[in-house]
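Here is the structure we will look at.
The values are calculated or read from the model by the stated rules, or taken from the named source; none is laboratory data. This one's a predicted model, so the numbers in the text were calculated from it and none came from an experiment. A quick note on method: Cβ atoms are made from the backbone with ideal geometry, for glycine too, and the neighbour counts reach across all protein chains shown. With ligands, DNA and RNA removed, areas are computed over all heavy atoms of the protein, side chains included. Shrake-Rupley method; radii C 1.70, N 1.55, O 1.52, S 1.80 Å.
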Amino acid sequence: MKRRTFFQTAAGAGLALGTNAAPLLTHLDAFSDPGRLSHVEARHYVKLPDREIECRLCPRNCRLGDKERGYCGVRENVGGVYHTLVYAKVCALNNDPIEKKPFFHFLPGTSALSLATAGCNVNCKFCQNWEISQVRPEQVRNIDLPPRDAADLALRHRSPSIAYTYSEPVVFFEYMMDTAAVSRSRGLRNVVVTGGYINPEPLAELLRAVDAVKVDLKGFNEKFYAEYVRGRLGPVLEAIKLIARSRTWLEIVYLVIPGLNDDRDEIRRMSRWLVREAGPDVPLHFSRFHPMYLMKNLPSTPLSTLESARSVALSEGLRYVYIGNVPGHEAENTVCPSCGRVVIRRVGFQVKDNELQSGRCRFCRHPIPGVWT
Amino acid sequence: MMPPSRVVSVKAGNIIGRDGAVDPKRVRLALEAGLAALAEAPGIREALDRLFKRDERFGIKINTIAGPALSTLPETSLPLARLLLESRLAPKSVVIWDRTNRELRDAGYTLNLGSSGPSVLGTDTEGFGYERELVSHKNIGSLFSTILSRRVTSSISLAILKDHGLAGVTGGMKNYFGAVHNPNKYHDTGCDPFVAELFETDEIRSRHRLTILDALVVQFHRGPSHHPRWAKKLETFLFSLDPVAADSAGWSVIERLRARAGLPSLEEEGREPTYLRTAEKMGLGVARSDGIRLVEIEV
């Protein structure tokens with residue numbers, strides 16, 4: 001969707017819907033409830049004297065007086081009780097290929113019912129979805145999509161999974177948790193696309209409820225996080241470690257921004273850290289940056305920079321390193337690290353060939369890590 | 001040219017009645033006295049002539065986030081709007097505005113989109129909303145209220161002076177957080193440098209003419225929410241053409257009240273409003289107390 005079109009629908013007045021918009025829209029008209037916000041008590045906060053509260057969901061730990069909202073803009077202190085304003089208030093909904101998240105080692109070739117509410121707990125200057133992530137829920141049109149209806153919708157569209165994505169699912173934690181529970185009971189999987197800016201306790205809870213997490217690792221130094229993300233790197237690394245030690249599948253995306261986070265030494269340090277803390281089998285996607293939001297002054301990432309980053313990561317021992325946002329590039333394919341044959345061939349978000357058999361390379365029987373069925 | 005760092009403090013006794021109601025007639029008296037003193041004019045007509053240009057479209061940005069107990073009330077903003085409408089300035093329009101119609105109603109306003117009297121409306125009024133093009137300036141990236149960008153050529157920040165848990169003090173400059181779609185993104189690091197940088201945007205700086213701080217009741221601790229235990233009836237307005245000096249003078253008021261109540265200073269609590277010094281460094285006004293001349297009058 002073109003930026004302008006997306007903006008006019010999502011932040012202006014409408015709802016962000018993708019390629020399968022027509023059938024979803026027809027179905028969702030019944031749920032349409034624009035303008036109203038939810039007032040469901042939030043989880044992971046503590047009550048303080050004088051009607052103040054402290055949110056414990058993310059590392060910001062916002063301390064708020066009555067009537068104030070957190071940094072995310074979607075959680076509000078109402079008389080000393082912390083409310084989520086976006087429970088079941090969906091502002092973006094698509095039936096996406098799971099490769100678009102991207103997940104390359106999780107049910108390849110399937111679709112994921114992908115949804116988001118408004119809000120985010122960081123403010124990346126290069127945000128690709130700022131029209132929904134950097135706004136308040138009353139500034140977009142929302143539909144009411146309770147957990148059970150989200151599961152119904154996924155089943156109706158033959159999507160084996162629900163993806164919490166686009167904005168920052170951490171900020172709609174309660175809705176995500178309830179939807180994951182309902183949909184899992186009906187045989188669906190749940191995947192999360194997140195910046196990983198979440199405290200350990202809610203993350204541990206989340207990991208018990210979902211099947212895969214993709215973390216956007218936005219850089220590998222604190223200065224970059226402070227200046228361009230408005231967050232801290234440390235908690236994100238802790239989150240990655242926690243996910244890697246869980247049973248939940250993990251993939252990492254690193255958006256390579258020219259001149260800002262593309263230093264080869266830094267990418268080398270990041271790759272070494274990933275090998276050590278998440279293991280050599282964690283898929284790493286180097287994604288191409290396009291000028292957006294507050295960083296329109298930079299060029300798109302040169303292909304050579306992406307290829308260089310990939311080369312560094314492979315040399316450090318990571319086995320599955322991909323290049324994203326470059327449709328048709330050979331680094332979209334999954335290559336068997338044992339025999340060197342392509343086991344999953346992709347073009348853009350489409351899987352063209354899948355040579356895996358029971359999670360093994362068809363040619364040499366080498367196991368390929370992932371969730372394949 | 002008037003000294004830019006002068007702050008006029010007007011104390012209006014009995015402006016708040018025993019029942020807690022604000023007397024709009026006393027408000028008008030206080031406004032007239034404050035504006036005349038600020039302009040060093042013999043009367044309100046001459047003062048307005050000196051302070052503003054003719055044929056402007058005035059916007060009075062109020063603050064209604066905290067409900068009726070701690071918001072800019074109609075009894076305060078309407079007399080100001082009427083002063084402008086009755087003046088020789090022949091304003092094309094006067095609009096009293098804030099973020100949302102809900103907050104305006106909660107603070108006691110009757111919305112007015114009609115042609116008579118001052119308009120009263122929130123940015124979420126149908127047909128208004130936020131601009132679609134981002135304004136990017138230093139650390140600021142925001143969509144501005146179209147009320148400000150399209151309806152207002154001359155802006156008055158009529159703000160509540162109060163303690164703020166994160167910023168230390170909230171006053172006339174921070175009041176403009178309510179002019180953008182994403183104020184929640186500007187509360188990090190004591191709102192510094194965000195308050196100053198937002199004010200520095202062309203959208204605000206080119207329109208801002210005057211700060212009036214409503215210190216009728218001052219929440220000097222545990223703000224910005226209302227807690228009667230730490231709220232003091234001062235029955236005072238502060239006026240300044242210098243937005244930084246106005247807020248700095250307001251900060252002094254809060255510190256005095258805190259000291260009287262035996263509370264630590266904001267600096268001792270690690271939340272002094274550092275954004276004021278930042279604003280001064282950026283050339284937006286004077287933050288140093290020795291650079292501000294306070295004129296105190298009573299009506």
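Points worth noting:
- Residues of the stretch A:83-128 that are free of Cβ contacts under 8 Å to residues at least 60 places away in the same chain and touching a His at 6+ places or on another chain (Cβ under 9 Å): A:His83, A:Leu85, A:Ser111, A:Leu113.
- Candidates are the residues of the stretch B:78-107 that are part of a loop (DSSP other than H, G, I, E, B) and among the polar types (S, T, N, Q); the one that is nearest to the chain's Cα centre (by Cα) is B:Thr100.
- Tally of residues being over 20 Å from B:Gly223 (Cβ atoms), in a strand (DSSP E or B) and open to solvent by less than 60 Å² (accessible area, probe 1.4 Å) across the stretch B:46-67: 3
- Enumeration of residues in the stretch A:151-179 that are buried (at least 21 other Cβ atoms within 10 Å of the Cβ), more than 21 Å from A:Tyr45 (Cα to Cα) and of a type outside the set (Val, Ile, Thr): A:Ala151, A:Leu153, A:Ala154, A:Ser159, A:Ser161, A:Ala163, A:Tyr164, A:Tyr166, A:Ser167
- Criterion (assigned to a strand (DSSP E or B), within 15 Å of B:Thr64 (Cβ to Cβ) and within 18 Å of the chain's Cα centre (by Cα)) met by exactly one of B:Ile147, B:Ile156, B:Ile160: B:Ile160
- Top-ranked residue in the stretch B:68-104 [being closer than 22 Å to A:Asp66 by Cα and open to solvent by 40 Å² or more (accessible area, probe 1.4 Å); ranked as modelled with the highest pLDDT]: B:Arg102
- Residue within the stretch A:75-87 that is surrounded by 24 or more Cβ atoms within 10 Å (Cβ to Cβ) and part of a helix (DSSP H, G or I) present: no
- Options B:Lys162, B:Lys174; residue that is closer than 24 Å to B:Ser225 by Cβ, open to solvent by 10 Å² or more (accessible area, probe 1.4 Å) and touching a residue at least 12 places away in the same chain (Cβ under 8 Å): B:Lys174
- Some residue of the stretch A:98-108 being at pLDDT 95 or above, within 14 Å of chain B (Cβ to nearest Cβ) and either open to solvent by less than 30 Å² (accessible area, probe 1.4 Å) or assigned to a strand (DSSP E or B) (or both): no
- Residue selected from the stretch A:111-143 under the condition charged (D, E, K, R) and in a loop (DSSP other than H, G, I, E, B), by the criterion farthest from the other protein chains (Cβ to nearest Cβ): A:Arg141
- Summed over the stretch A:255-281, residues that are under 16 Å from the mean Cα position of the chain (by Cα) and surrounded by fewer than 16 Cβ atoms within 10 Å (Cβ to Cβ) total 0.
- The test for being open to solvent by less than 20 Å² (accessible area, probe 1.4 Å) and within 12 Å of chain A (Cβ to nearest Cβ) holds for B:Thr123.
- Of the residues in the stretch A:63-72, not one is more than 14 Å from chain B (Cβ to nearest Cβ) and crowded, with 23+ Cβ neighbours inside 10 Å.
- Unique residue being closer than 21 Å to A:Phe106 by Cα, out of contact with any Ser or Thr (no Cβ under 9 Å at 6 or more places or on another chain) and not assigned by TED's automatic domain parsing to the domain that holds A:Gly279 when the list is A:Gly359, A:Gly348, A:Gly370: A:Gly348
- Applying the condition of being touching a residue at least 60 places away in the same chain (Cβ under 8 Å) and open to solvent by less than 30 Å² (accessible area, probe 1.4 Å) to the stretch A:235-254 and asking which residue is nearest to A:Met295 (Cα to Cα) yields A:Val253.
- With respect to the conditions (1) of a type in the set (S, T, N, Q); (2) more than 29 Å from A:Phe224 (Cβ to Cβ); (3) buried (at least 23 other Cβ atoms within 10 Å of the Cβ), A:Ser111 lacks only one, and its number is (3).
- Residues of the stretch A:134-175 that are in contact (Cβ under 8 Å) with a residue 60 or more places away in the chain and among the charged types (D, E, K, R): A:Arg136, A:Glu138, A:Arg141, A:Asp144, A:Asp149, A:Arg156, A:Glu168, A:Glu174.
- Just so you know, in the stretch A:304-316 the residues that are open to solvent by 60 Å² or more (accessible area, probe 1.4 Å) and not acidic (Asp, Glu) include one that is farthest from A:Arg268 (Cα to Cα), and it is A:Ser304.
- Output for the stretch A:49-62, where each listed residue is more than 17 Å from A:Pro202 (Cβ to Cβ) and surrounded by fewer than 19 Cβ atoms within 10 Å (Cβ to Cβ): A:Pro49, A:Asp50
- Single match in B:Ala107, B:Ala179 (criterion: among the aliphatic types (A, V, I, L, M) and surrounded by fewer than 24 Cβ atoms within 10 Å (Cβ to Cβ)): B:Ala107
- Considering each residue of the stretch A:13-33 in turn, none proves to be surrounded by 15 or more Cβ atoms within 10 Å (Cβ to Cβ), modelled with pLDDT under 95 and within 12 Å of chain B (Cβ to nearest Cβ).
- The set of residues in the stretch A:260-280 that are out of contact with any Leu (no Cβ under 7 Å at 6 or more places or on another chain) and in a loop (DSSP other than H, G, I, E, B) comprises A:Leu260, A:Asn261, A:Asp262, A:Asp263, A:Gly279.
- Residue within the stretch B:146-160 that is within 14 Å of chain A (Cβ to nearest Cβ) and under 27 Å from A:Tyr293 (Cβ atoms) present: yes
- If the condition is being touching a helix residue (DSSP H, G or I) at 6+ places or on another chain (Cβ under 6 Å) and away from chain A (no Cβ under 14 Å), then the stretch B:93-110 contributes B:Val94, B:Val95, B:Ile96, B:Trp97, B:Gly108, B:Tyr109.
- Candidates B:Ile15, B:Ile65: the one that is β-branched (Val, Ile, Thr) and modelled with pLDDT under 95 is B:Ile65.
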